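Accompanying notes for the structure given below.
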Amino acid sequence: IQQLEGHVVAPQVFGHSLRINPLLVIFALLLGAQLYGILGAFIALPLAAVGRETVLYLRRHLVLEPWGRTEPAALITDGAGVPDGPPPAPCGRCGAAPAPGDAFCRSCGAPLRPAVPAGG
């Protein structure tokens with residue numbers, strides 16, 4: 001009964017209360033015990049819960065700049081490094097004004113639409 005409780009019930013209870021996969025609970029306890037003994041096993045689950053919340057926070061709040069393709073027209077410059085043509089339209093998602101030559105919004109990472117030429 002102790003084996004069943006230690007290998008099945010306890011990981012399920014800890015996993016549910018900490019919102020961590022029960023298999024991760026077992027591996028965190030084994031890794032903590034292997035590295036630092038009883039003290040490591042004692043602090044392994046709180047560290048795993050903090051790591052999970054950190055990953056979720058960064059996933060929600062960190063916006064990485066996408067590596068999208070740049071249109072060939074944006075590569076043509078006037079010699080000073082500024083692309084020729086009309087300035088790009090503001091971002092449709094957040095309304096930020098992009099710099100000339102930007103293919104993606106620097107604020108939210110949304111792809112930018114090219115500016116519509118006058119008369120066309």
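Applying 1/(1 + (r/R0)^6) with R0 = 25 Å to the Cβ-Cβ distance of Arg60 and His16 gives a FRET efficiency near 0.65. A 1.4 Å probe over all protein chains sorts Ile38, Ile1 by accessible area into Ile1, Ile38, starting with the largest. Taking only the C-alpha atoms of the stretch 7-70, the Rg (one decimal) and the largest Cα-Cα distance, Dmax (whole number), read 15.8, 54 Å.
For the stretch 1-66, which whole percent of the accessible surface, found with a 1.4 angstrom probe, sits on carbon and sulfur atoms? Result for the stretch 1-66: 70 percent of the exposed heavy-atom area is carbon or sulfur.
The values are calculated or read from the model by the stated rules, or taken from the named source; none is laboratory data. Quantities reported herein were computed from a predicted structural model and do not represent experimental measurements. With ideal geometry, Cβ positions are generated from the backbone for all residues, glycine too; neighbour counts draw on all protein chains shown. Calculation scope for accessible area: heavy atoms of the full protein, side chains included, ligands and nucleic acids excluded. Shrake-Rupley method; radii C 1.70, N 1.55, O 1.52, S 1.80 Å.
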